[in-house]
Amino acid sequence: MAKFLTNREENYAQWYNDLVIKADLAENSAVRGCMVIKPYGYAIWENIQAGLDKMFKATGHVNAYFPLFIPKSFFSREASHVQGFAKECAVVTHYRLKMDENGKDIVVDKDAKLEEELIVRPTSETIIWNSYKNWIQSYRDLPILINQWANVVRWEMRTRLFLRTAEFLWQEGHTAHATREEAVEETKRMLNVYADFAENYMALPVIKGYKSENERFAGALDTYTIEALMQDGKALQGGTSHFLGQNFAKAFDVQFTDKTGKLDYVWATSWGVSTRMVGALIMAHSDNNGLILPPRLAPLQTVIVPIYKTTDQLEKISEKAGIIKADLEKAGISVKYDDRENYKPGYKFAEYELKGVPVRIALGPRDIENNTVEIARRDTLQKETIPDGGLASHVAGLLEDIQSNMFRKALKFRSDNTFYLDKWSEFLEIIDNQGGFIMAHWDGTAETEEKIKEETKATIRCIPFDSPEEDGKCIYSGRPSKRRVLFARSY
RNA sequence: CGGGGUGUGGCGCAGUUGGUAGCGCGCUACGUUCGGGACGUAGAGGCCGGAAGUUCGAGUCUUCUCACCCCGACCA
């Protein structure tokens, strides 16, 4: 089985790379650090988009689109923001090409230098707040609740398909509010949306919390995050929501008149998730046979594979498969009948396992005779032969069961790999030998955080919202601490 | 940007002391197969990453160059 995949236990990173390529999700492109998202991978992203978009709309947001290019001067308005992104910005300096003197090569036309360089957006706060300035005069113009689906560019040194690429797709919400409280509430609301989405669609349990100052978004007063645990014991940040205070309003001079006639700066939030979610989905659930996709995000939920010797048999099977397909589709389940003649059933079984299709139905002469089907679930690889009556509701139930089973399994993995530690020696031992989440006391200082990072490569993933107050001593410095924070090595 | 590695049919690789390229998979056609990655037969497909050099002769040796991958520093 799975002779085409690197074994997950032997080389997790290679297993991941193999899986992305072999399952036909994406590939590296001719442009360094940029990936081609192939149709099957893109279909997963489209499902992520559809699910999130619905949730954004349900919480009062609307979509809009802002430019890819940002004038350099905009970018530099907010000091900490520039600092955070300066090292990874692509810059457009010219707007024309020409033939060189030999007439052989295309070269940049030096005469076509831009007056002001344009930054390819690594995120859009600045260009958006420059627009908001013109949209907001009164408290009656607030709140503004806008989301945009876009690509952004961050010039990364080292890239990995979906997890870190120079260009990636994401959504970024940018909201403007009259009060601090309202903006904070929005920041939390959207983090909760992300957490709901991760748990209910991706079957991925997440820890919600605050980022430490070191890990905070450049320009934010507070960053909230959802953190998930991957099967190799490393953490992955699934989505972030930022309370931006009045930083961008001040940088772009966005003031409004409140109910009492007083001028004040607008309060802001921003929040985003990216195609990195696809990477999380893969790493959280899949196995040595290939992808395991949660039914709610799987591009294809069910596949029917015919098994036959004669064309006579095939005819009967196809007829029945057609009926089953129609039934399932009526129940809102996506189905493909794979009647390709050039592949044997065994090949198809392996292929759909590699691609993570949640449910497989096999239909052979025996089934026709007995009015049964063989039904197999991807998450547990269990097979059973059942009567073909009421198949649609059976499959619907099975898909739901797979969805919740995947979540339960991921949750169990996380609790099995979450450690409440109080001794530094144990911290070192766990982080080096098995990874996972470590809940430990921290003295709250950036110095200690930095030291721990240097010595272990583990960082504070977040200060969980729900971690209870308890008196303790910092696991590194021994100084007093009021609550545990979440440490892990991360992607 | 440091350290390591790899560039040879679509993919994965082999290629000896230099003698003019081969294997597996895939692909095409036909036939037999079909309840866990089938088999046979016959085909198609490569100026060996690029440039310069050494040589009668370079996939192989020398120099330069480009690209990609892996490991580090930076990041979602």
(message) So, A:Tyr139, is that one closer than 30 Å to A:Gln255 by Cβ and among the aromatic types (Phe, Trp, Tyr) or not?
(response) yes
(request) Report yes if A:Tyr352 is touching a strand residue (DSSP E or B) at 6+ places or on another chain (Cβ under 9 Å), over 19 Å from A:Asn405 (Cα atoms) and buried (at least 20 other Cβ atoms within 10 Å of the Cβ), otherwise no. (result) yes
(request) Quick one: in the stretch A:331-349, of everything that is near RNA strand B (Cβ under 8 Å from one of its atoms) and within 25 Å of A:Gln403 (Cβ to Cβ), which residue is least open to solvent (accessible area, probe 1.4 Å)? (result) A:Lys348
(message) Could you check the stretch A:463-491 and list, in sequence order, the residues that are part of a strand (DSSP E or B), out of contact with any Gly (no Cβ under 9 Å at 6 or more places or on another chain), open to solvent by less than 50 Å² (accessible area, probe 1.4 Å) and free of Cβ contacts under 8 Å to residues at least 60 places away in the same chain?
(response) A:Gly472
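Identify all residues within the stretch A:26-38 that are closer than 23 Å to A:Leu297 by Cα and touching a residue at least 12 places away in the same chain (Cβ under 8 Å); write none if there are none. Give the steps one after another, and end with the answer.
Start the filter on the stretch A:26-38 by keeping residues that are closer than 23 Å to A:Leu297 by Cα, which leaves A:26-27, A:35-38.
Hits for the stretch A:26-38 are A:Ala26, A:Glu27, A:Met35, A:Ile37, A:Lys38.
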(request) For residues that are within 16 Å of RNA strand B (Cβ to nearest atom) and hydrophobic (A, V, I, L, M, F, W, C), scanning just the stretch A:435-462, find the one that is surrounded by the most Cβ atoms within 10 Å (Cβ to Cβ). (result) A:Cys462
(message) As an exercise: evaluate A:Phe217 against (1) within 12 Å of RNA strand B (Cβ to nearest atom); (2) aromatic (Phe, Trp, Tyr); (3) touching a Phe, Trp or Tyr at 6+ places or on another chain (Cβ under 9 Å) and give the number of the one condition it does not meet.
(response) (3)
(request) Would you point out the residue of the stretch A:310-330, among those that are out of contact with any Pro (no Cβ under 8 Å at 6 or more places or on another chain) and among the polar types (S, T, N, Q), that is least open to solvent (accessible area, probe 1.4 Å)? (result) A:Thr310
(request) Residue by residue through the stretch A:221-233, note down the ones that are in contact with a Ser or Thr (Cβ under 6 Å, 6 or more places away or on another chain) and more than 11 Å from RNA strand B (Cβ to nearest atom). (result) A:Tyr224
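Specify the residue that is farthest from the chain's Cα centre (by Cα); the eligible residues are those in the stretch A:250-260 that are within 13 Å of A:Ala178 (Cα to Cα) and open to solvent by less than 10 Å² (accessible area, probe 1.4 Å). Please lay out each step first, then the result.
Our first condition is that a residue be within 13 Å of A:Ala178 (Cα to Cα); within the stretch A:250-260, this holds for A:254-260.
Those left that are additionally open to solvent by less than 10 Å² (accessible area, probe 1.4 Å): A:254, A:256.
Numbers: A:Val254: 32, A:Phe256: 35 Å.
My answer is A:Phe256.
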(request) For A:Asn247, state whether it is in contact with a Lys or Arg (Cβ under 9 Å, 6 or more places away or on another chain), open to solvent by 10 Å² or more (accessible area, probe 1.4 Å) and of a type outside the set (Val, Ile, Thr). (result) no
(request) Might you check whether a residue that is open to solvent by 20 Å² or more (accessible area, probe 1.4 Å), near RNA strand B (Cβ under 6 Å from one of its atoms) and in contact with a Pro (Cβ under 9 Å, 6 or more places away or on another chain) occurs anywhere in the stretch A:356-370? (result) no
(request) Being under 14 Å from A:Leu293 (Cα atoms), buried (at least 18 other Cβ atoms within 10 Å of the Cβ) and away from RNA strand B (no atom under 12 Å from the Cβ) is the filter here, so list the residues in the stretch A:1-41 that pass it. (result) A:Leu25, A:Gly41
(message) So, in the stretch A:381-402, how many residues would count as being touching a helix residue (DSSP H, G or I) at 6+ places or on another chain (Cβ under 9 Å) and of a type in the set (S, T, N, Q)?
(response) 1
(message) Taking the condition of being modelled with pLDDT of 95 or more, open to solvent by 50 Å² or more (accessible area, probe 1.4 Å) and of a type in the set (Gly, Ala, Ser), how many residues in the stretch A:387-421 meet it?
(response) 2
(message) Cβ-Cβ under 8 Å, sequence separation 6+ or interchain: first residue in the stretch A:139-168 and assigned to a loop (DSSP other than H, G, I, E, B), partner more than 6 Å from RNA strand B (Cβ to nearest atom) and among the charged types (D, E, K, R). Which pairs?
(response) A:Pro143/A:Glu182; A:Pro143/A:Glu186; A:Arg154/A:Glu88; A:Trp155/A:Glu88; A:Glu156/A:Glu88; A:Leu161/A:Glu27
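So for the stretch A:88-100 (the condition being closer than 14 Å to A:Ser270 by Cβ and surrounded by 15 or more Cβ atoms within 10 Å (Cβ to Cβ)), does at least one residue qualify? Lay out the reasoning, then the answer.
If we filter the stretch A:88-100 for residues that are closer than 14 Å to A:Ser270 by Cβ, which is where we start, we get none.
No: the stretch A:88-100 contains no residue that is closer than 14 Å to A:Ser270 by Cβ and surrounded by 15 or more Cβ atoms within 10 Å (Cβ to Cβ).
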(request) Among the residues of the stretch A:274-325, count how many are of a type in the set (Gly, Ala, Ser) and either within 30 Å of A:Pro122 (Cβ to Cβ) or part of a loop (DSSP other than H, G, I, E, B) (or both). (result) 6
(request) Being of a type in the set (Val, Ile, Thr) and open to solvent by 30 Å² or more (accessible area, probe 1.4 Å) is the filter; apply it to the stretch A:376-386 and report the residue that is farthest from RNA strand B (Cβ to nearest atom). (result) A:Thr380
(message) Within the stretch A:49-57, does at least one residue satisfy the condition of being more than 10 Å from RNA strand B (Cβ to nearest atom), open to solvent by 30 Å² or more (accessible area, probe 1.4 Å) and among the small types (Gly, Ala, Ser)?
(response) yes
(message) So, in the stretch A:124-138, exactly how many residues are away from RNA strand B (no atom under 15 Å from the Cβ) and not in a helix (DSSP H, G or I)?
(response) 3
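The values are calculated or read from the model by the stated rules, or taken from the named source; none is laboratory data. Given the structure is predicted, the values throughout are model-derived calculations rather than measurements. Using ideal geometry, Cβ is built from the backbone for each residue, glycine included, and neighbour counts are taken over all protein chains shown. Areas reflect the complete protein model, heavy atoms only, side chains present, ligands, DNA and RNA absent. Shrake-Rupley method; radii C 1.70, N 1.55, O 1.52, S 1.80 Å.
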